[in-house]
Amino acid sequence: MNAATYNFAYLDEQTKRMIRRAILKALAIPGYQVPFAAREMPMPYGWGTGGVQVTAAVIGPGDVLKVIDQGADDTTNAVSIRAFFRKVAGVATTTHTAEATVIQTRHRIPEYPLKEGQILVYQVPIPEPLRFLEPRETETRVMHGLEDYGLMHVKLYEDIAHHGRIATAYAYPVKVAGRYVMDPSPIPKFDNPKMTMSPALQLFGAGREKRIYAVPPYTEVKSLDFEDHPFEVQTFNEPCALCGARNVYLDEVVLDDRGGRMFVCSDTDNCESRRTGTGAQS
Amino acid sequence: MYVAVKGGEAAIDNAHRLLADRRRGDRSLPAISEAQIAEQLSLAVDRVMAEASLYDPGLAALAIRQARGDMIEAIFILRAYRTTLPRFGISRPLDSRAMRIERRVSATYKDLPGGQLLGPTFDYTHRLLDPTLSGDPEVPEPSRRDGGVGGLARVSDILDGESLIEMEADEGAEPGDITRMPQEFPLSRAERLQSLARGDEGFLLALAYSTQRGYGRTHPFVGEIRIGLATVEIDIPELGFSVAIGEVRVTECQMVNQFKGSAERPPQFTRGYGLVFGQSERKAMAMSLCDRALRAAEYGEEITAPAQDEEFVISHCDNVEATGFVEHLKLPHYVDFQAELGLVRRLRAAWQERGVVSEAEEGDAPIGEAAQ
């Protein structure tokens, strides 16, 4: 077998149609998890098969694809997924956020603001925000149906009672368009504010769990909180050690075994563009 | 650092070259062929076909070779190929009564029409390492009876004749297809059986074992295990009749389980069913025990054990899903870990401050991010 025997973007057209239908339903009910018949992909479950299927269903020959993992274009799995689409779809790829029409991501939202016409595809491991409070799918579906989110509020309240603050640093639950509580995928809560009223289309694919959900452009996405404990994001005291950026998410890089460390941009493309002066990056 | 530096692509290429080298091993030894794997490691091939839900010994052998003998990896490779194939139609139900039998044993009857046929079994071999197998010793031809064995009545049919066992009714409805439809709990029994048939042999074995040790006991008897070749027939709409398109080797296990009766129904045995591609008695038996345990709700039995819990069993029996998600933990997670680091540092700072300042102070003092 060689790649030439596969359809454009790997999936056959019937499968793409099935996925597109799921996406349309997801867009009609923002934040609602639509079951779909996820296919086996030639990469392991848990490694972005949901995101890959969503990307394969929406990408066209004229698209420009960017793939990031942990904010970086060069992490091994991002390299692998980008190479996959280069091979099976022959699409142009880029590392620049502004140039991309489709961005597949794991665990980050790019720092550079997204614009209309762009699609951000999130890889999702566990789509159910209530899963660790209630392991049964039959139960959580009823809870969503009844908009019964008391359990989640109790959990957040217990955090405050135990720790003095909400002890969730990533995959911080959000409420979409005032109705469904949604898992934003394991992005740091630093990225949550980028989701609300975004001009870009945000699609979420969970392959192993066989769910697709979506946030249409210009939709309100609110991080859950309490009046006396408002939602807050992580802040960093130092700027990026490489490009000097502030108000961006930083990775801590351990330099030696004597406590030496530096903080650098998680979004490697944004950092590089700032240093080389290429592209209008934030 | 294996990330955050340019060159991931070259590293991946080199890793794959090394993998190819290790797969080939010592070049002075002859390479093994898929035909050798299919012929001489046929039970491995059977397992890969069963759990990949694709009956093709040649491709399964290729997958095993490609995976260096890692069975779950081979299953994964074959499934990823299967998913690209179109579905032409649905076969007629396999008629296991008409199977060309190679092995058939019943634990519920001493003798029965057609007799007990041991077939190519490990049972009663003494598990002593056999050094005479080394090299390529002469192997005598097996003794065969003339004409083969087919059309043997099943034990369940014998019990059926007396209405001693519950009947399975063919509703005539198109069965679900777990590879084409979103799975939604509770599943139909057909969907559940499909999931079990491709479920991990080890996982189902352990669950089946747990039912024998009291976690959801079902009082099982092996009504019958039969292994052989069954004809696959498919209806051709243009022709108006069914056509045989080939034969598949399958293992079928009919478990006869504890009886139930009520005001409406006279006491009857119940059944658990297992059907697996190839010769895989262990898997078929484990599957039939799990099937019966999962029917607890149908019989109004109390659900107390893991093996009776449909969401638990079906959501976790797929080894391709399980291995992917377990192994994804080796992917970089440093963004989330950074978020946790910051949180733990902040919580520790708050904890220390509370201890130093005063006992009365609440834990809500405004403390900066520890990551600052």
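Quick notes on this one:
- Nearest-0.05 FRET efficiency for B:Ala98 and A:Arg261, computed from C-beta distance (R0 51 Å): 0.10
- Scalar couplings 3J(HN,Hα) for segment B:125-142, obtained by applying the Karplus form with A = 6.51, B = -1.76, C = 1.60 to θ = phi - 60°, are 6, 8, 7, 9, 4, 10, x, 6, 6, 4, x, 10, x, 5, 10, x, 5, x Hz; x denotes Gly and Pro.
- Separation between Cα centres of segment B:164-178 and segment B:201-219, rounded to whole Å: 24
- For segment A:182-282, alpha-carbon Rg relative to the globular expectation (2.2 N^0.38 Å, N residues): 1.32
- Under a model in which nothing but the beta-carbon of Lys, Arg (+1) and Asp, Glu (-1) is charged, segment A:235-282 shows a dipole of about 200 debye around its Cα centre.
- B:Ser91 sits among other residues whose Cβ lies under 13 Å from its own Cβ, and their net charge, with Lys and Arg +1 and Asp and Glu -1, is -4.
- Virtual spin-label span in nm between B:Glu162 and B:Tyr299, 7 Å along Cα→Cβ: 1.8
- The modelled label-to-label distance for the pair B:Asp21/B:Leu129, using points 7 Å beyond Cα in the direction of Cβ, is 3.1 nm.
- Helices assigned as whole DSSP H runs in chain A whose Cα atoms extend at least 20 Å along their own long axis and whose mean Kyte-Doolittle hydropathy is -0.5 or higher are found at A:13-28.
- Positive dipole terminus of the protein assembly as shown, leading residue within A:Pro239, B:Tyr215, A:Thr196 (C-beta point charges): A:Pro239
- With the biggest extent put first, the Cα atoms of chain B measure 89, 71, 55 Å across the principal axes.
- Positive-end residue of A:Val215, A:Tyr112, A:Val54, charge dipole of segment A:3-223 with Cβ unit charges: A:Val54
- Residues with amide H under 5 Å from that of B:Glu184, placed H, sequence gap 5 or more: none
- Spatial extent of the protein assembly as shown: Rg and Dmax, with the Cα atoms as the point set, Å: 28.7, 93
- Residues B:Leu239, B:Leu59, B:Leu19 in ascending order of nearby Cβ atoms (within 10 Å, fewest first): B:Leu239, B:Leu19, B:Leu59.
- Cα convex hull volume per residue for segment B:147-257 (Å³): 182
- Projecting the Cα atoms of B:Phe312, B:Cys290, B:Gly261 onto the charge dipole of segment B:238-324 (Cβ charges, centred on the Cα centre) puts B:Gly261 farthest toward the positive pole.
- Fewest-first ranking of A:Trp47, B:Trp351, using other Cβ atoms within 10 Å as the exposure measure: B:Trp351, A:Trp47
- DSSP-defined antiparallel bridges as percent of all bridges, chain A, nearest 5: 60
- Shape analysis of chain A yields a ratio of the Cα radius of gyration to the Kirkwood radius, Rg/Rh, of 0.97.
- Rounded to the nearest 20 debye, the dipole size of chain B about its Cα centre is 960 debye, using +1 on the Cβ of Lys and Arg and -1 on the Cβ of Asp and Glu.
- Of A:Lys87/A:Lys115; A:Lys25/A:Lys175; A:Lys25/A:Lys66; A:Lys16/A:Lys210; A:Lys155/A:Lys210, pairs whose Cα-Cα distance is over 21 Å: A:Lys87/A:Lys115; A:Lys25/A:Lys66; A:Lys155/A:Lys210
- All Cα-Cα separations within segment A:98-149 were binned at 10 Å from zero, giving a P(r) of 21, 32, 24, 21, 1, each value a whole percent of the pairs.
- When the inverse distances between all different Cα atoms of segment B:8-82 are averaged and flipped, the Kirkwood radius reads 12.9 angstrom.
- DSSP bridge orientation in the protein assembly as shown - percent antiparallel, rounded to nearest 5: 75
- When only the Cβ of Lys, Arg, Asp and Glu is charged (+1, +1, -1, -1), the dipole of the protein assembly as shown relative to its Cα centre reaches about 1080 debye.
- Taking other C-beta atoms within 10 angstrom as a stand-in for reagent exposure, B:Cys253, A:Cys240 fall in the order A:Cys240, B:Cys253, fewest first.
- Across segment B:258-269, rounded Karplus estimates of 3J(HN,Hα) from the backbone phi angles (6.51 cos²θ - 1.76 cosθ + 1.60, θ = phi - 60°) give 3, 7, 9, x, 8, 4, 8, 10, x, x, 8, 6 Hz, Gly and Pro being marked x.
Here, each number is a calculation from the coordinates, and none is a lab measurement. Because the structure is predicted, anything quoted here is derived from the model rather than measured. Don't worry about glycine lacking a Cβ; one is built from the backbone with ideal geometry, like all the others, and counts go over all protein chains shown.
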